[in-house]
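Single-structure report; data block below.
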Amino acid sequence: MYLGLLGGYEWVILVGAAIVLFGGSKIRDVARGLGAAKKEFQVGQAEAEVAAERARAQARAQAEAEAAAQQSVTPTPPATPPAATPPPQPNS
């Protein structure tokens, strides 16, 4: 919330105070840890995208197979046609 209110000199003072309080080696370790966490997050995100694409392809293939099965089923004609009634005879 307040980070947007800090200008250039305030950031320099803040970073300088952090170096004095924690030492350069601790800040390097924190930065290294943040970099490793970012890389691990990107790897996990890429794996999730691959898994999602694989699931979409599998669902698409299943839907296509079901559609093909629906089209291959043809109705069978009745075994015997219905009995035809002769036309009425005129009375003469």
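The values are calculated or read from the model by the stated rules, or taken from the named source; none is laboratory data. If you're wondering where the values come from, they're calculated on a predicted model, not measured in any experiment. FYI the Cβ positions are ideal-geometry reconstructions off the backbone, even for glycines, and counts take in every protein chain you see.
Odds and ends about this structure:
- Set Q71, Q58: member being modelled with pLDDT of 75 or more, polar (S, T, N, Q) and loosely packed, with under 10 Cβ neighbours inside 10 Å: Q71
- Flag if G4 is part of a helix (DSSP H, G or I), of a type in the set (G, A, S) and at pLDDT below 85: yes
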